[in-house]
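Heads up, the thing below is written out as structure tokens.
Rule-based calculations on the coordinates, nothing more; no lab input. Every value quoted in this text rests on a predicted model; they were computed, and no experiment measured them. As a convention, Cβ positions derive from the backbone with ideal geometry for all residues, glycine included, and neighbour counts pool all protein chains shown.
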Amino acid sequence: MTRPQRPPVLAPTRRRLLWWAGGVSLEALVLTMRPLRADTARVIEIVARRFEFEPEVIPLRVGEEVILQVTSIDYLHGFSIPSLAIRADIAAGQTFRATIRPPRAGTYVIVCDNFCGDEHDDMSGKIVAS
């Protein structure tokens with residue numbers, strides 16, 4: 001008496017997942033499946049209002065990855081960190097997010113580069129990396 005043939009088990013092996021993903025490298029596939037690490041980038045909230053960024057000074061460690069979350073509460077403000085090549089227009093009520101990692105010690109100047117009134121020239125902040 002012969003046993004009936006069982007259909008093959010279609011368990012999702014890595015090879016099948018790789019084929020299913022359309023040729024994505026196994027390394028990339030495995031990286032996307034990893035859980036978030038406990039040391040993910042911290043979020044620094046910045047408020048832009050006439051005529052200031054709050055906080056005005058942001059201390060960071062060199063190489064520390066952070067997410068700057070900038071919210072404009074009253075006007076169309078520009079948010080620019082020229083030495084890190086970051087630039088955005090942020091309308092009132094909107095939020096902009098940028099991930100940064102200061103490459104060396106120093107002061108990185110933050111400026112509003114959209115004219116927002118008589119005291120616009122005083123609207124600045126800084127990141128101090130040490």
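Between Thr95 and Arg49, full extension at 0.36 nm per residue minus the direct alpha carbon distance yields a gain of 15.3 nm. DSSP beta bridges confined to region 42-129 are antiparallel in about 65 percent of cases.
Taking region 114-128 and a reference point 7 angstrom along Cα→Cβ of Leu76, the backbone N atoms nearer than 13 Å belong to 114-117.
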